[in-house]
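Written out below as structure tokens is the structure these notes cover.
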Amino acid sequence: MNCKLKAIDLFCGGGGLSKGLSDAGIEISAAFDNWDAAISFYKRNIHGHPIENLDLVDSNVVAEHLYKYDFDMIVGGPPCQDFSSAGKRDETGEHANLTISYAQIIGVIQPKYFIMENVERAQKTKTFTRALDIFKQAGYGLTVTVLDASLCGVPQKRKRVVVFGILDGPNNLLIPAIRRNQCSTPMTIRDYFGNKLGINYYYRHPRSYARRAVFSIDEPSPTIRGVNRPVPQGYPGHPGDATPVSEGIRPLTTKERSLIQTFPESWDVSGSKANIEQIIGNAVPVKLGEFIGKCILETVLNVQEYPEYIIDQNGNWMLFEQRRKYSA
């Protein structure tokens, strides 16, 4: 059965989610952001649809702008700095407000499906709860889950909360596909690259020296952040370091960090180092976006082709006729 979905990407950043969904088979109709550096990066690396600068605060203005495009789904990751452990953790910040704006955009436009992605910590906030309430009031059945990118084809320990909504549909619809498709063991850097990087260990600057800073390629990378610093002179070391700091231990390059985010090797990552590092660190890993896209297509196809099936409270598919027996 043909199950071609078209999506619009809001807060598209450098295009990790757009590229991943496209690789899964979801067509991107248009993309939007309000940061010129990210838009320039996106334009250089992703082609075939418009990418525009648009202030995404006013849901009604955004809705009027989007109606000219053909789409079944809206996707996006509102900026997460106000929720992130690396940020200010300020729910009153402008970035937190953009999460509400995103939910209101969904409520106004009411696409058949939507995706919202954010840092794991976001789900503990009042802002996130309010966004879920807006989705529910608009008539969406929700799947709310935390995905570890290292179990989804990415050589990186990066946890993100993902909300999938289906208009007038059930909750937890995506859970069976996620369970089927997730790997049982984390992907390491060596699993993904082999010996291509030419190193066995590397330095990743910690937020404080109470945390380890030297990692092995035989484990997933820690979360790629928006900063990338050299080994400081006199680094004291940490008991958890994979090896002591010595000559040859270096930070990953900007390009290597983009590859760990599973950006294609052909992508152009030139430009202002500060901007490019931030774009890379903020991005949805391409392979994580592809994983999400494949789970959605698999689920939507099942719903269309097998309407006699429903989802039980544990997220498992079962025949509609079994529901009475299950409930009893």
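The values are calculated or read from the model by the stated rules, or taken from the named source; none is laboratory data. As the structure is a prediction and not an experimental result, all values here were calculated from the model. In this analysis, Cβ positions are derived from the backbone assuming ideal geometry, glycine residues included, and neighbour counts consider all displayed protein chains.
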Check Lys255, Lys287 and return the single one that is basic (Lys, Arg) and in contact (Cβ under 8 Å) with a residue 24 or more places away in the chain. Lys287
Checked segment 117-127 for anything assigned to a helix (DSSP H, G or I) and either under 15 Å from Gly107 (Cβ atoms) or more than 16 Å from the chain's Cα centre (by Cα) (or both); matches are Lys124, Lys126, Thr127
Pick from Arg229, Arg211: which is surrounded by fewer than 17 Cβ atoms within 10 Å (Cβ to Cβ) and farther than 30 Å from Ser184 by Cα? Arg229
Count, please, the residues in segment 27-54 that happen to be under 15 Å from His65 (Cα atoms), of a type outside the set (Gly, Ala, Ser) and in contact with a Lys or Arg (Cβ under 9 Å, 6 or more places away or on another chain). 1
Can you tell me which residues in segment 138-149 are farther than 21 Å from Gln123 by Cβ and crowded, with 24+ Cβ neighbours inside 10 Å? none
Of the criteria (1) outside any strand (DSSP E or B); (2) farther than 26 Å from Gly77 by Cα; (3) not basic (Lys, Arg), which one Val154 fails: (2)
Looking at Arg160 and the list (1) touching a strand residue (DSSP E or B) at 6+ places or on another chain (Cβ under 6 Å); (2) in a helix (DSSP H, G or I); (3) charged (D, E, K, R), which single condition is not satisfied? (2)
Pick from segment 158-179, criterion out of contact with any helix residue (DSSP H, G or I) (no Cβ under 8 Å at 6 or more places or on another chain) and surrounded by fewer than 19 Cβ atoms within 10 Å (Cβ to Cβ), ranking: nearest to Lys124 (Cα to Cα): Asn171
Selected residue [buried (at least 20 other Cβ atoms within 10 Å of the Cβ), modelled with pLDDT under 95 and within 20 Å of the chain's Cα centre (by Cα)] from Cys80, Cys152: Cys80
Residue count, segment 192-202, condition surrounded by fewer than 17 Cβ atoms within 10 Å (Cβ to Cβ) and at negative phi, comes to 5
May I ask you to list pairs of residues, at least six apart or on different chains, whose Cβ atoms are under 7 Å apart, with the first in segment 206-223 being of a type in the set (Ser, Thr, Tyr) and the second being surrounded by 12 or more Cβ atoms within 10 Å (Cβ to Cβ) and assigned to a loop (DSSP other than H, G, I, E, B)? Tyr209/His238; Ser216/Asn200; Ser216/Ala242; Ser221/Pro155; Thr223/Arg158
Regarding segment 164-175, can at least one residue be identified that is within 15 Å of Ile100 (Cβ to Cβ) and part of a loop (DSSP other than H, G, I, E, B)? no
